[in-house]
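Notes for the one structure printed next.
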Amino acid sequence: MTITLWHFLAVAAALFGIGLVGFLTRRNLITMFLCAEMMLQGVAINFVAFARYHANLHGQVFVLFILAVAACEAGIALALFLNLYRRRRSLDTSDWQELRETGVPAATDDDPLPRPPADPMPVLTPAGARPAPTAEEAARV
Amino acid sequence: MSNPVGLALTILALPLLASVLAYLMRGTARTARLAHLPLVVGCGTAAALALYLLTTMLDGTAERVSEPVAWFAAGKLRAHFTVTVDALAAIMLGMVTFIATLIAIFSSGYMKGDAGFARFFAVMSLFVFCMCGLVLANNLLLLVAFWEGVGLCSYLLVGYYFDKPSAAAAARKAFLVTRLGDVGLILGVFVIWHACLPGMSPDVPFNPLNLSELFGYVVRHPEIHSQVGLGCFLLFCGAVGKSAQFPLYVWLPDAMEGPTPVSALIHAATMVTAGVYLLARCAPLFAVAPGVQIAVAWIGGVTALLAAFIALAQTDLKRILAYSTVSQLGFMFLALGTSGAISPAFAVGAAMFHLFTHAFFKALLFLSAGSVMHAMGGVIDVRQFGGLRRVLPVTHVAFLCGALALAGFPLLSGFWSKDLILESLTEASESGSPYTAGYFALFLVACLTALLTAFYTFRAYFLTFWGPERIPHEAGHHAHESPTSMTLPLLVLAAGALAVGIVLQPFTHWFTDLLETTPSLAIARGPTPARVVAHHLNWVLIGVSTVLALGGIGLAFALYRNGGADKAPAGLDAVFAASRNKLWVDELYHAVFVKPAEVLAFLARVFDGFLDGLARLISSAPRALGAWARPIQNGLVQFYALSMALGVAVFLTFVVFRISR
């Protein structure tokens, strides 16, 4: 069996479809982001396949662009998620409904994601201040 | 500096500078208190320069018309900024700046402590600038611009207490009523310009808007005289509005809502005389339109008598003076109207001399009334005070001087100028003009008006200063003479009201000799077959006007020396009521003009409301659609993603099936 264009396209479509379904059904921000990446890669496979089919490099150039853009996007997205997490201690997208139309009631969540335990942020010694000596140090002096 | 044009432009620039300075001084409370200084200093300097300018006019050799500077041009219409300096303009300039300086000094005391002190002086300075520009303008459109400028300043100053509804209404009325006349003025300018169009060609530098070029052209071309006559009539409409003549005089009495110095400067001495000045300046145009001349005379006569009659029974001291101003302006138009029958120089001389003396004694009367008002705590109704001779001794003397001059008491300034007007009327009635009977009737009207003038002036005087002493409670317990800054201008003006007439005219003829050096009057003399009248003392007339003045004063003394403003002479109750109610002219205008306009405005508002409703109805459809679709925006990311995915799916399905089909 030779591997034809259709095989490539089938794999790409499967990747895209899985990504789409994942994006629509999952509520975890990071999972959703991974799903979006998967859709992107599905598209990228399409490009590569067509590049090979047409025997030129146009599609490959596009794929390089997609990879570069996806890398930037990943950086920005993960930074945003970090900030969102610090606000609410949760990665659930349904926690962020403030941008809805005024007057529309917020959607209630019948099955909320389990909350992680609220662990305190580590407290660092303020820079430039002399650390308080431990008992051992105090005894030595 | 001896160049008259340079001097005139300096005089023009000084008040403008003062206006800008006073406006900038509004900034802080400390400088705002000193905002009267720019006007006093600038206007004082301008008055000194104007006096010097008058002396340069005497030898009559220097350059007269400034180089035209292009203002704007549209097709054949070219508006130039150019000024003309001649005896007529120099006399007006001197009068305006001198009176304005005195009134500025007076107002620095009168307006002290007022919240809008700096604003007041900024607008006053602007007014003096516009008035000087109006006097100097050599271009008709420039003249119209300054004419509107003084109208604007009048509006701003009448409505100075703009939080008072009556003042705001008075300002609006003054502006709108004079606007009626201004439409005529600007139409007249264009009619005259259009009549002179044949004289314009590319190789002849002739601009019919420049007065100095226009006059000679009109006189040389008899074929356009009928059109110029129409233009003159329209110009006269402008003068009727600005100078408060019948039927547009109704705004002037209401304009007394402004501060008293404003009434003295704008509504007695200067702005309202702009119409008289316009006709005097355009004498060569009016000289070719004798039909308009007689109309001018009749309007003047009717106004003089009507206003004097209304003034008889008024109770507001300032309104009595306002009606008197209207009446005296009527006198000036009477004199101007005779220039069809006698030499224009004589007629214009009589009108301008009355304008000149009137500025002194009427400004004096208004400032005295302001001094009374100041002492009485803002009360100006003669029924509420009386016997103020001992409370306000300086004001009393000043008011008496002004009243005597206005009444035409022998040897005072008003006597001589009124005499000159009566003389021009008698001369006109003996001339070869087709309207001699009309001029004789007008002479009788003028005599009757002179009698009434003496009567109502002294009625106001006796009611205010004679009889038992009564002081309204608004004045409190400190009714006292005004400060020196207010009494000093009064005394200067009183000296002027007493002496300016006898010094300048009856024996020396200085005023008319100087005025007759005006080039435009020499041009006006050209085409009219009028009789030239030499200035001489007409003893019969002097006797008649003495009897009239003394008779009026005597009548007032007999009736009102003990107060009682509501007292009507026996058997004349109906006449008294008619005068008190201003002959119901305001009510008539209200019914005939204001009411229909209000009804029209109401209908327009209803129609506008209908249109608004229609527009709202149309706009409500997309709004309803939006309200229906808006809940989709629920803030859930998954929902958005799903909508997008479904949307794309539908779109793709459509595309795919369409292609495959």
Only one residue in B:Gly501, B:Gly563, B:Gly551, B:Gly543 is buried (at least 18 other Cβ atoms within 10 Å of the Cβ) and at pLDDT 85 or above. Which one?
-> B:Gly501
Selection from segment A:25-43 of residues touching a residue at least 24 places away in the same chain (Cβ under 8 Å) and not β-branched (Val, Ile, Thr) yields A:Arg27, A:Asn28, A:Leu29, A:Met32, A:Phe33, A:Glu37, A:Met39, A:Leu40, A:Gln41, A:Gly42
If you go through segment A:102-124 one residue at a time, how many are more than 10 Å from every other protein chain (Cβ to nearest Cβ) and among the β-branched types (Val, Ile, Thr)?
-> 2
Among the numbered criteria (1) within 14 Å of another protein chain (Cβ to nearest Cβ); (2) at pLDDT 90 or above, which single criterion is violated by B:Pro622?
-> (1)
Return yes or no: is A:Leu99 loosely packed, with under 14 Cβ neighbours inside 10 Å, at pLDDT below 95 and more than 13 Å from chain B (Cβ to nearest Cβ)?
-> no
Which one is farthest from the other protein chains (Cβ to nearest Cβ) among residues in segment A:24-62 that are of a type in the set (Val, Ile, Thr) and either surrounded by fewer than 18 Cβ atoms within 10 Å (Cβ to Cβ) or within 30 Å of A:Asp110 (Cβ to Cβ) (or both)?
-> A:Val61
Out of B:Ala8, B:Ala79, which single residue is more than 30 Å from B:Val372 (Cα to Cα), in contact with a strand residue (DSSP E or B) (Cβ under 6 Å, 6 or more places away or on another chain), at pLDDT 90 or above and hydrophobic (A, V, I, L, M, F, W, C)?
-> B:Ala8
Failed condition for A:Glu73, given (1) within 14 Å of chain B (Cβ to nearest Cβ); (2) of a type in the set (D, E, K, R); (3) under 22 Å from the mean Cα position of the chain (by Cα), with all others met?
-> (1)
Within segment A:13-23, tally of residues that are buried (at least 19 other Cβ atoms within 10 Å of the Cβ) and away from every other protein chain (no Cβ under 14 Å) | 1
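Would segment B:549-556 turn up any residue that is over 20 Å from B:Leu306 (Cα atoms) and touching a helix residue (DSSP H, G or I) at 6+ places or on another chain (Cβ under 6 Å)? Break it down into steps so the answer makes sense when it comes.
Looking only at segment B:549-556, we keep the residues that are over 20 Å from B:Leu306 (Cα atoms), and these are B:550, B:554.
Checking the rest, the ones that are also touching a helix residue (DSSP H, G or I) at 6+ places or on another chain (Cβ under 6 Å) come to none.
Checked segment B:549-556: no residue is over 20 Å from B:Leu306 (Cα atoms) and touching a helix residue (DSSP H, G or I) at 6+ places or on another chain (Cβ under 6 Å).
Going by the structure shown, is A:Ala10 exposed (fewer than 14 other Cβ atoms within 10 Å of the Cβ) and either in contact (Cβ under 8 Å) with a residue 60 or more places away in the chain or of a type outside the set (Ser, Thr, Tyr) (or both)?
yes
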Within the bounds of segment A:104-125, is there any residue that is hydroxyl-bearing (Ser, Thr, Tyr) and closer than 30 Å to A:Val43 by Cα?
-> no
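Which of the following residues is at pLDDT 90 or above, surrounded by 10 or more Cβ atoms within 10 Å (Cβ to Cβ) and within 14 Å of chain A (Cβ to nearest Cβ): B:Ala591, B:Ala641, B:Ala627, B:Ala604?
Values: B:Ala591 fails: within 14 Å of chain A (Cβ to nearest Cβ); B:Ala627 fails: at pLDDT 90 or above; B:Ala604 fails: within 14 Å of chain A (Cβ to nearest Cβ).
Criteria check complete, one pass: B:Ala641.
Results for (1) under 20 Å from B:Phe81 (Cβ atoms); (2) among the β-branched types (Val, Ile, Thr), shown as yes or no for each residue.
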residue	(1), (2)
B:Met124	no, no
B:Val128	yes, yes
B:Ala137	yes, no
B:Leu140	yes, no
B:Val144	yes, yes
B:Gly151	yes, no
B:Leu156	no, no
B:Gly159	no, no
B:Ala168	no, no
Here are some residues: B:Leu136, B:Leu141. Which one is surrounded by 24 or more Cβ atoms within 10 Å (Cβ to Cβ) and in contact with a strand residue (DSSP E or B) (Cβ under 6 Å, 6 or more places away or on another chain)?
-> B:Leu136
So, of the residues in segment B:193-246 that are among the aromatic types (Phe, Trp, Tyr) and more than 26 Å from B:Val326 (Cβ to Cβ), which turns out to be modelled with the lowest pLDDT?
-> B:Phe206
A:Ile76 versus (1) at pLDDT below 95; (2) loosely packed, with under 12 Cβ neighbours inside 10 Å: which is the lone unmet condition?
-> (1)
Apart from one, (1) within 30 Å of B:Glu481 (Cβ to Cβ); (2) touching a strand residue (DSSP E or B) at 6+ places or on another chain (Cβ under 7 Å); (3) buried (at least 24 other Cβ atoms within 10 Å of the Cβ) all hold for B:Ala428; the odd one out is (1)
Taking the stated definitions as given, is A:Glu137 out of contact with any strand residue (DSSP E or B) (no Cβ under 8 Å at 6 or more places or on another chain), of a type in the set (Asp, Glu) and more than 14 Å from chain B (Cβ to nearest Cβ)?
-> yes
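The values are calculated or read from the model by the stated rules, or taken from the named source; none is laboratory data. Note that this is a predicted model, so its numbers are computed, not measured. Neighbour counts run over all protein chains shown; Cβ positions are idealised from the backbone, glycine included.
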